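Scroll down for the structure; my scribbles are underneath it.
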Amino acid sequence: MQRDLSDYRKTYEKGDLSENSVSSDPMDLFRSWFQEIEAAAPEQENNAMSVSSIGLDGFPKTRVVLLKKFDSEGFIFYTNYNSEKGQALANDNRLCASFFWPALERQVIIKGRAVKIDEEVSDSYFSSRPKGSQLGAIASNQSEVVSSRQELDLKLQELTLEFENKTIKRPKNWGGYQISAMSIEFWQGRPNRMHDRLRYSLQKDKSWKLERLAP
């Protein structure tokens, strides 16, 4: 069944982005934008980001993960290291991460490399998670084929009984990655599809080069 979506239209008029109004450090602008989207759309999962990697089959794959920390060093998310995503990054740690914040008509696109964070940091974050999420990380062999939903539910039930009134340690195959950015692009929707696009590129001396891109 065919659907024609050519009549979908939206006018972008909620802001602009000028070279003269931004910091020389892209993390300052990201921090400002994140605070603004939190204020504008607190009901949304604004830390949701799409992460694209090159799989072992040679195809790119994109999935949504949750950003859990960002600072001058990069962007941190957590996952199962044995998952399809983890295996892809072990083979080729280049990735692209992107945020889309429609409430403010903005995108952020980050290119960089993902490296595992220190185990102590992963331990600390894992211990802060709700117990159900901790058990879920153990119960699920992420990305592997399972026979049924019932198999997963039964495994979780068994673990819930096993770890009742016990502290749960982080499994070694679960932890964080830090994305060290090589370029960060900020996209602000504008009327007539003449969007503002500013790209920061990391230079050899660790400074950032700022350029405007055509929409």
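If packing is taken as the mean number of other Cβ atoms within 10 Å per residue, what is the order of 30-39, 80-89, highest first?
Details: 30-39: 15.2, 80-89: 19.7.
Highest to lowest by the protection proxy: 80-89, 30-39.
Quick one: net charge of Ile168's neighbours, Cβ under 12 Å, K/R +1, D/E -1?
Values: positive: Arg129, Lys131, Lys166, Lys169, Arg170; negative: Asp123, Glu162, Glu164.
Its environment carries a net charge of +2.
Axis angle, to the nearest 10 degrees, between helix 149-162 and the longest C-alpha principal axis of the chain: 70 degrees. Identify the GluC sites (Glu not before Pro) of segment 89-172 meeting these criteria: DSSP loop state and at most 13 other C-beta atoms within 10 Å of the C-beta. Answer by residue number: Glu144, Glu164.
Under 10 Å from the Cβ of Ser83, count the other residues' Cβ atoms, weight Lys and Arg +1, Asp and Glu -1, and hand me the total.
Details: positive: Arg63, Lys85; negative: Glu84, Glu144.
Surrounding charge for Ser83 is 0.
Return the subset of Lys69/Lys172; Lys10/Lys209; Lys61/Lys172; Lys10/Lys69; Lys85/Lys209 for which the Cα-Cα distance in this structure is over 27 Å, preserving the input order. Intermediate results must be reported in sequence, preceding the final value.
Details: Lys69/Lys172 20 Å; Lys10/Lys209 32 Å; Lys61/Lys172 24 Å; Lys10/Lys69 32 Å; Lys85/Lys209 30 Å.
Among Lys69/Lys172; Lys10/Lys209; Lys61/Lys172; Lys10/Lys69; Lys85/Lys209, the Cα-Cα distance tops 27 Å for Lys10/Lys209; Lys10/Lys69; Lys85/Lys209.
Its Cα centre serving as origin, the chain has a Cβ charge dipole (Lys and Arg +1, Asp and Glu -1) of approximately 360 debye.
If r is the Cβ-Cβ distance from Lys169 to Ser6 and R0 is 45 Å, what FRET efficiency results, to the nearest 0.05? The formula returns an efficiency of 0.25 here.
Is there a quick way to get the dipole size of segment 1-83? I mean about its Cα centre, with the Cβ of Lys and Arg at +1 and of Asp and Glu at -1; what is the value in debye to the nearest 20? Could the numbers behind the result be given before it?
Values: 9 positive and 14 negative charges, 84 e Å.
That gives segment 1-83 a dipole magnitude of about 400 debye.
Each value in this text was obtained by applying a stated rule to the coordinates, not by laboratory testing. In this text the structure is predicted, and so the values were computed from the model without any measurement. Counting neighbours? That spans all protein chains shown, and the Cβs are built from the backbone with ideal geometry, glycine included.
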